[in-house]
Amino acid sequence: MYTKALFGATSSTPPETKRSILSNRSQSYLLLGDIHTALRDTNIALSDEFTKPSSPKWVTLKLHYRRAKIYSHMARYEEAQAEFDVFEKFRGGYLAPEEKKFKQDIKVTLAGTDKETREKHALIRAVDVSYYTSLLSFHSKYLQSRGLILPIASRANFPFPPGSQPSPGDYKPDEKYMSFDTTSGPCTNDSPISIPIHIIAPYFLHNPYGDQFHAWTRAVSESDTIGTAFKGLFESYASAQPSDSVYGFAENCRNPALHHEDLRNTVVLVTTHRGRILVVPPDTSIKDLIAGAQWPRVHGSKEFNDERKVKRRHEFEFDGIELQDGWYIDVYVIPKKCLDSQ
């Protein structure tokens, strides 16, 4: 509705009307959990083009408070504090109970948190804040961020599976959870990271019951290729089958395993947050995969063939690879002959 209203606006439409529509649309995106597009609309609404000294104060107030909340979701607490200060100044010092609590939460976070929480916040900033989410708010320290889509509902458990977050001190970076690859010095957005990969192979019959094959890898370095994530995986499953398994299943399993391991005859598919289906060469690095899947496109990134030919609903909406349940990436491995037969 708001998008149609913006598209229907003309040069004679008052800027304040457009600003109100942008403000309402940003709130709608925020309620839907799309904080990236919500931030984009908020930034545009607060730009000099739409926000003037004479603009209605109550709309400006809402926009600054909303942007502070979005920055907080993105673990950009210094910016959230600065934005809240602007909001508080507009309010003349008066704050509602919810606003007071939000102010206190930011203050406590900036004052100092435990090591695990600090690393979590640093990881959030490193994976899901891209150049585009800083539109009209150019912060060079975020230019190296990956642009993964971390659903707002999964930020509480990130970077662990829901309901299984280790107790403080139990976290082991060499396990299958996402982590920074470096242990020296403070971690920044351009510090290397490792990401867990969930391999799904619908055509690999790995047991006599026809169950779809899937397996989680240990966290894979973003400099490694996608093929590295499943190298030896299918053969190891086939080799683990006892020779006397049901109906000679072990023997029947080995050939499909070899087909899935052969990178020359294998297709890798990765889906994005908004349902695009990307065909990715197995020799693509994890980092290049993430960059190439972003929308709007990142200049200089690899472009992958999109099997979904339907036009995007809205070109301005952000897209990218989603961290499923807030901690892993789905990768589909399919023999070319199976894909060609579809």
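The values are calculated or read from the model by the stated rules, or taken from the named source; none is laboratory data. Source: prediction; values computed, not measured. No Cβ is skipped: glycine too gets one built from the backbone with ideal geometry, and neighbour counts run over all protein chains shown.
Taking THR188, is it at pLDDT 75 or above, in the same structural domain as PHE318 (by TED's automatic domain parsing) and under 26 Å from the mean Cα position of the chain (by Cα)? Taking the combined requirement at face value, the residue does not satisfy it. Report whether or not LEU6 is within 28 Å of ASN189 (Cβ to Cβ) and outside the structural domain of HIS273 (by TED's automatic domain parsing). No; evaluated as a whole, the condition is false for this residue. Confirm whether VAL310 is modelled with pLDDT under 90, assigned to a loop (DSSP other than H, G, I, E, B), of a type in the set (A, V, I, L, M) and within 26 Å of ARG40 (Cβ to Cβ). Here the answer is no, as VAL310 does not meet what is asked. Applying the condition of being within 16 Å of MET178 (Cα to Cα) and among the acidic types (Asp, Glu) to region 210-232 and asking which residue is surrounded by the fewest Cβ atoms within 10 Å (Cβ to Cβ) yields ASP224.
Within the bounds of region 149-172, is there any residue that is part of a loop (DSSP other than H, G, I, E, B), within 18 Å of the chain's Cα centre (by Cα), modelled with pLDDT of 85 or more and basic (Lys, Arg)? Yes, the conditions are met somewhere in region 149-172.
For (1) closer than 21 Å to ILE152 by Cα; (2) buried (at least 20 other Cβ atoms within 10 Å of the Cβ), each residue gets a yes or a no:
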{"site": "MET1", "(1), (2)": "no, no"}
{"site": "GLY33", "(1), (2)": "yes, no"}
{"site": "SER47", "(1), (2)": "no, no"}
{"site": "THR60", "(1), (2)": "no, yes"}
{"site": "ARG66", "(1), (2)": "yes, yes"}
{"site": "ASP85", "(1), (2)": "no, no"}
{"site": "GLU98", "(1), (2)": "yes, no"}
{"site": "GLU116", "(1), (2)": "yes, no"}
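Does VAL298 satisfy being farther than 20 Å from GLU315 by Cα and either of a type outside the set (Gly, Ala, Ser) or touching a Gly at 6+ places or on another chain (Cβ under 9 Å) (or both)? Answer is no for this residue. Scanning region 7-16 for residues that are modelled with pLDDT of 75 or more and surrounded by 10 or more Cβ atoms within 10 Å (Cβ to Cβ) gives THR13, PRO15, GLU16.
When TYR71 is tested against (1) in contact (Cβ under 8 Å) with a residue 12 or more places away in the chain; (2) surrounded by fewer than 17 Cβ atoms within 10 Å (Cβ to Cβ); (3) not small (Gly, Ala, Ser), just one condition goes unmet, and that condition is (2).
Set side by side, the residues ASP48, ASP34 differ, and just one is under 27 Å from the mean Cα position of the chain (by Cα) and of a type in the set (Asp, Glu), which is ASP34.
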